[in-house]
1. Given (1) part of a strand (DSSP E or B); (2) touching a strand residue (DSSP E or B) at 6+ places or on another chain (Cβ under 7 Å), identify the lone condition not met by Leu89.
2. Can you say whether Glu154 is exposed (fewer than 12 other Cβ atoms within 10 Å of the Cβ), modelled with pLDDT of 90 or more, under 28 Å from the mean Cα position of the chain (by Cα) and not assigned by TED's automatic domain parsing to the domain that holds Val86, as far as the supplied structure shows?
3. Exactly one condition in (1) exposed (fewer than 11 other Cβ atoms within 10 Å of the Cβ); (2) charged (D, E, K, R); (3) outside any helix (DSSP H, G or I) is false for Arg67; which is it?
4. Tally the residues that are of a type in the set (S, T, N, Q) and in a loop (DSSP other than H, G, I, E, B), restricting the search to the stretch 119-135.
5. Working carefully through the options Lys103, Lys52, Lys83, find the one that is touching a Phe, Trp or Tyr at 6+ places or on another chain (Cβ under 8 Å), loosely packed, with under 14 Cβ neighbours inside 10 Å and without any contact (Cβ under 8 Å) to a residue 40 or more places away in the chain.
6. Pick out the one residue from Val116, Val163, Val185, Val138 that is surrounded by 13 or more Cβ atoms within 10 Å (Cβ to Cβ), assigned to a loop (DSSP other than H, G, I, E, B) and either over 33 Å from the mean Cα position of the chain (by Cα) or not β-branched (Val, Ile, Thr) (or both).
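The values are calculated or read from the model by the stated rules, or taken from the named source; none is laboratory data. Since the model is a prediction, treat every value here as computed from it, not as a measurement. Neighbour counts run over all protein chains shown; Cβ positions are idealised from the backbone, glycine included.
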Amino acid sequence: MVKKKGAAEETTEEILEETEEVVEEVAKETVEEAVEGSNDTEKLAKECEELKDKYVRLTAEFQNFKRRTEKEKADLYKYANEKLIVDLLPVLDNFTRAIDSMKLEEGENSHAFDGVELIKKSLIETLEKNGLEEIASVGEKFDPEMHHAVMTGEAEGFEAEHVIEEFQKGYKLNSKVIRPSMVKVQG
């Protein structure tokens, strides 16, 4: 039994010695890391600043992206009907021609004339509710953004570079010109 106790005591002493050695090694490593840590602190501070700068830039970039996307989305909704309205403009022109023709042939007192005029008025009201507006032309200063000059001429009562006659009405959709007015300009 004595042997067993001695063996157990030796094993315990060996374990204690090994434990002390491990603790000393860990303590040395911790001290070395702490000393190196002071140098790492500067590196970490620089790295932290760089990451903070990247974060700020990324946040700003995201905000710009978000604003741009919201604007594109708003424009998409604003001009979603543009193609349909542009396709309806010749129909509106044809109503105007039909009314002008009926005035010459039948006069303004016929029921057909009244019906066509009401349909045209209804169509214009519907298009205006959706953002369509007519471009003013006759008597206005020529604006190449709003008018398409097909002729020049002379007329009394008009200043130079002013529209003297309109051949085809122009229209804007939510302030965007979708068809310029076809006009004759004072030369």
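1. That leaves (1) as the condition not met.
2. Working: exposed (fewer than 12 other Cβ atoms within 10 Å of the Cβ): yes; modelled with pLDDT of 90 or more: yes; under 28 Å from the mean Cα position of the chain (by Cα): no; not assigned by TED's automatic domain parsing to the domain that holds Val86: yes.
So Glu154 fails the test.
3. (3)
4. In the first step, residues of the stretch 119-135 are kept if they are of a type in the set (S, T, N, Q); the result is 122, 126, 130.
So of that shortlist, the ones also in a loop (DSSP other than H, G, I, E, B) come out as 130.
Selection size over the stretch 119-135: 1.
5. Values: Lys52 fails: touching a Phe, Trp or Tyr at 6+ places or on another chain (Cβ under 8 Å); Lys83 fails: touching a Phe, Trp or Tyr at 6+ places or on another chain (Cβ under 8 Å).
Step by step, each of Lys103, Lys52, Lys83 is checked, and only Lys103 is touching a Phe, Trp or Tyr at 6+ places or on another chain (Cβ under 8 Å), loosely packed, with under 14 Cβ neighbours inside 10 Å and without any contact (Cβ under 8 Å) to a residue 40 or more places away in the chain.
6. Numbers: Val116 fails: assigned to a loop (DSSP other than H, G, I, E, B); Val163 fails: assigned to a loop (DSSP other than H, G, I, E, B); Val185 fails: assigned to a loop (DSSP other than H, G, I, E, B).
The conditions single out Val138.
Conditions tested, residue by residue: (1) closer than 18 Å to Lys176 by Cα; (2) in contact with a Ser or Thr (Cβ under 8 Å, 6 or more places away or on another chain); (3) without any contact (Cβ under 8 Å) to a residue 24 or more places away in the chain.
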residue	(1), (2), (3)
Leu88	yes, no, no
Val91	no, no, no
Ile99	no, no, yes
Ser110	no, no, yes
Asp114	no, no, yes
Leu118	no, no, yes
Asn130	yes, no, no
